[in-house]
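Quick notes on the structure that follows.
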Amino acid sequence: MFNDKKFNGNKIKYAIYYAVVVAIVVFVLNDYVVNLKTEHIKYSDFINYINQNKIEEVQISRDKLVVIPKAVSGQKQKTLYTERIYDPDLVKRLTSAKVKYGGIPQENSPIRSFLINWVLPVAIFLLLGKLLLGRLDKKIGNGVMSFGKNTAKIYAESETGVTFNDVAGQEEAKESLVEIVDFLHNPTRYTDIGAKLPKGALLVGPPGTGKTLLAKAVAGEAKVPFFSITGSAFVEMFVGMGASRVRDLFEQAQQKAPCIVFIDEIDAIGKSRDNNMSTNDEREQTLNQLLSEMDGFDSSKGVVILAATNRPEVLDKALLRPGRFDRRVIVDRPDLKGREEILKVHTRGVKISHDINLLDIAKSTPGAVGADLANIINEAALRAVKKNRTEVIQEDLEEAVEVIIAGKEKKDRILSKREKREVAFHEVGHALIAALLKHTDPVHKITIVPTTMGALGYTRQLPTEKYLNSKDEMLDQICVMLGGRAAEEVEFNSISTGASNDIEKATQTARSMVTIYGMTDRFDMMGLESVQDKYLDGRPVQNCSQETSTAIDEETLKIIRDAHIRANKILNENRELLTKVSEILIDKETLMGEEFMALVNVNKDNEIVE
Ligand code: ADP
Ligand code: MG
Ligand code: ZN
């Protein structure tokens, strides 16, 4: 419908444009033709012509004289004209020469002059104005006149088109939202009994886990309109408009009830007002307006507010108190089964080979969120097209996992022989320690093919799905991380810059053992750091004295040093194995888990098999 209107608008515009151009052309031509028929003469010549009795008739207007000469031997002469200059004797002259004279007969019809003098200028102005406004309109988006209007998009029910079927691996979250859907379906059933439903629910979880998707699904299931707006949109564009936008939004929503209002990234406006050095008046006003609107409207009408955030801990307490966003729906990273389900959802529209094993892909993507998995499927489909296949095969998916999770393999980045050797020993160092220690995850893949993310090679382990890590496991993990550098020392007796990332990760793990998990004798179970922004980067903040801080460093160093020594010892004891596997890796560039395990004679549980 929108398209049609636009088309008509254009048509009218072009019609006006066309008409004006034609009019201008006609007038210019007219003048030109008139010019061809008449000829200019000097006033003195005109006087001469009178004296020579060559003139038949003179038409006098305010500023010119049109002179019609007498026919010469039956032939009509060109009409002449001249400027009218001050000549009080003109009439006398004409009379005495017996020339007919008078005003210019109205050959210009009144309609014509009306058109020229009134309609044409108005039309031109209208056209110019229209063109200019059109430009402005496009720039501002909604036109100059609608500054205060809310710009929340309204998705009608048919347009969200998303249902709970499209959201996988979030069963708990879905369950808590089903109630809201039911409420929106028939509010009276709830209000008859006197039950009050929560006005709002807050979807909380890391980015890409499907919060926005879930909110749309609720609207799709309930078949109600869906108003959605991002928190930042309240504050971003027009300063001072945030509060009025909130008001508009709720006004519209109440008219359309039952409906869902979805505020994405609510932390942009809902940030806690205390413990914040730089207060932001604009945001605070918007937040206050939001709070008062939430208090003000009557939830029995069927307006449900959903909001999403990655950072629930920064939200203002006032937002979370009962009667506002009192219900929290956790949307966490999917587990193994959840990941498989999500992959299934996203392969629905993709042609896949019948022997594809999505469980394997799910297994190799621990920690991936829904958005990553959707991306992997798409990347695999793209790869299939590139390879001129008509369906996606397992290899495409595996490659896509590498692309999304580890950065794209880039074969043309060439390492020198020496460097390649160093990288190979480094990676095998990691892998060997992982294989030889007891509390570690099995090796999934070792490669010395550089990635675009900057790694010259990497060793990937297959983490087992679990939620607790023991102290032994963490110590062994650190040992694995330091194994790369240890191998360089053992083989080349020199060290390189290649271990920087390992060092960073190992230090982080060791430090959190000391400060967060209470795993040292020295500090017993004392908490020395707390984690902020749990769902984002999870940066820890120290809360201890200077001296303790120094002691933390000492303890951390001790853990790392012990692990380093242990790694060196293991590799020294297995020097032959290290060399053998490294040579093979240099040859093949990539070793998969099974090949590697066969080489070192261990099974999946890191038990030596003879
Ligand atoms: P969030 O709002 O939590 O950051 P989105 O809802 O915007 O994440 O998710 C982005 C995309 O990732 C979705 O459009 C969808 O394609 C995919 N996705 C995320 N989570 C899921 C899920 N649980 N099931 C299916 N697809 C998902
Ligand atoms: Mg989102
Ligand atoms: Zn390394």
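The values are calculated or read from the model by the stated rules, or taken from the named source; none is laboratory data. Keep in mind that this is a model prediction, so the values were computed, not measured. When we count neighbours, we look across all protein chains shown, and the Cβ atoms used for this are built from the backbone with ideal geometry, even at glycine. Calculation scope for accessible area: heavy atoms of the full protein, side chains included, ligands and nucleic acids excluded. Shrake-Rupley method; radii C 1.70, N 1.55, O 1.52, S 1.80 Å.
Accessible area per residue (1.4 Å probe, heavy atoms of protein chains only) ranks M294, M592 as M592, M294, with the largest value leading. Run the paramagnetic zone check for D192: 7 angstrom along Cα to Cβ, then residues of region 299-335 with backbone nitrogen under 18 Å. Taking a point 7 Å out along Cα→Cβ of D192, the residues of region 299-335 whose backbone N falls under 18 Å are 300-302. Remark: spin-label model distance K64-S549 equals 9.3 nm, labels positioned 7 Å along the Cα→Cβ axis. Accessible surface of H40, taken over heavy atoms with a 1.4 Å probe and every protein chain present, rounds to 90 Å². Is region 336-404 best put as rounded, prolate or oblate by its Cα gyration tensor, with a ≥ b ≥ c the root eigenvalues, rounded for a/c under 1.5, and otherwise prolate when a/b is larger than b/c, oblate when not? Note, shape of region 336-404 comes out prolate.
Applying a threshold of 22 Å to the alpha-carbon distances of K417/K505; K344/K445; K64/K92; K223/K317; K337/K466; K505/K580 flags K417/K505; K344/K445; K223/K317; K505/K580 as lying beyond it. Applying 1/(1 + (r/R0)^6) with R0 = 56 Å to the Cβ-Cβ distance of H439 and L132 gives a FRET efficiency near 0.15. Spin-label pair T590-A318: with each label point 7 Å from Cα along the Cα-Cβ axis, the two points sit 5.6 nm from one another. Per-residue surface analysis assigns S96 an accessible area of about 90 Å², computed on protein heavy atoms at 1.4 Å probe radius. Gain on full extension, evaluated as 0.36 nm per residue between N388 and R561 minus their Cα-Cα distance, stands at 57.1 nm. Could you tell me which of rounded, prolate or oblate describes region 417-609, using a ≥ b ≥ c as the square roots of the eigenvalues of the alpha-carbon gyration tensor, with rounded for a/c under 1.5 and, failing that, prolate when a/b is larger than b/c and oblate otherwise? Prolate, because a/c is 1.5 or more and a/b exceeds b/c.
Using C-alpha pairs below 8 Å separated by at least 6 residues, the relative contact order for region 155-220 is 62 percent.
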